[in-house]
1. Nearest 0.05, what FRET efficiency do residue 32 and residue 243 give at R0 = 25 Å with Cβ-Cβ as r?
2. Obtain the nm distance between the two label points defined at residue 141 and residue 4 by a simple spin-label model: each point lies 7 Å from its Cα along the Cα-to-C-beta direction.
3. With the cut-off at 1.5 for a/c, could you classify the range 136-190 from its C-alpha gyration tensor as rounded, prolate or oblate?
4. What is the extension gain from residue 177 to residue 11, computed as 0.36 nm multiplied by their sequence separation minus the C-alpha to C-alpha distance, in nm to one decimal?
5. Between rounded, prolate and oblate, where does the range 152-244 land on the alpha carbon gyration tensor, with a ≥ b ≥ c its root eigenvalues, rounded for a/c under 1.5, else prolate if a/b exceeds b/c?
6. Any idea how far apart residue 95 and residue 56 come out in nm if each label point goes 7 Å out from Cα toward Cβ?
7. Taking the Cβ-Cβ separation of residue 192 and residue 85 as r and a Förster radius of 41 Å, what is the calculated FRET efficiency to the nearest 0.05?
8. Please compute the length gained on full extension between residue 165 and residue 215, using 0.36 nm multiplied by the number of residues separating them and subtracting their Cα-Cα distance.
């Protein structure tokens, strides 16, 4: 069954998309400082958590009995690269569709096509996140909290990005699709249990998409960034993970 920590984290992340992402946090802290701080946390999560997890997943795959993996080296890094390429391809597809909006005879239909490409890609990501919540039972509550904080800030920036590009349709439809995707993944994780090697494959694929999203959507440009807030987020989150 889905471990209780995983269920709580899955519900918490679903609530982020449903309600928490609509909170106006910029009343308490300027937007560029908050986004920069969140980006620092995300980058720290990549270097201090994702990369070590990929190394552990590599060990799991090396000891697996899956025949096709015996012909590959650095399996998890190839899988992470595949995840990055897949989600980058979806981003490129959405960008191409957006560029056609200005010349489209039905710009509203073109805009909806871009919206559904974005929502579909992030919904797939959320299903994977929800499914992997079953692994939370192998971690302490403190580690679960740190994971929740990192993914919450990740979701917050993604929601901000989608709301900026898709306006009202995201609040009416998109956020509920992403909310449901997490819960669907959690339900699948509760009823379908895979071997450790299969979990490592899923995690590695997701890691590539996380890295792409962080580098592509979460790093603020030089006009909107605050290096002090960025560095503070990276240092604080790194220290918390190392202390866990």
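1. Details: r = 28 Å, r/R0 = 1.14.
The value I calculate is 0.30.
2. Between residue 141 and residue 4, the label points sit 0.9 nm apart.
3. Numbers: a/c = 4.90, a/b = 1.66, b/c = 2.94.
Taking the square roots of the gyration eigenvalues as a ≥ b ≥ c, the range 136-190 is oblate.
4. Details: separation 166, 0.36 × 166 = 59.76 nm, distance 1.42 nm.
Additional length available on full extension: 58.3 nm.
5. Numbers: a/c = 2.31, a/b = 1.19, b/c = 1.94.
Oblate, since a/c reaches 1.5 and b/c is not below a/b.
6. 3.4
7. Numbers: r = 26 Å, r/R0 = 0.63.
That pair, residue 192 with residue 85, gives E of 0.95.
8. Working: separation 50, 0.36 × 50 = 18.00 nm, distance 1.80 nm.
Extra length from residue 165 to residue 215 when fully extended: 16.2 nm.
Read-outs throughout are calculated quantities, based only on the coordinates presented, and are distinct from any laboratory measurement. Nothing here was measured: the structure is a model prediction, and the numbers come from that model. Using ideal geometry, Cβ is built from the backbone for each residue, glycine included, and neighbour counts are taken over all protein chains shown.
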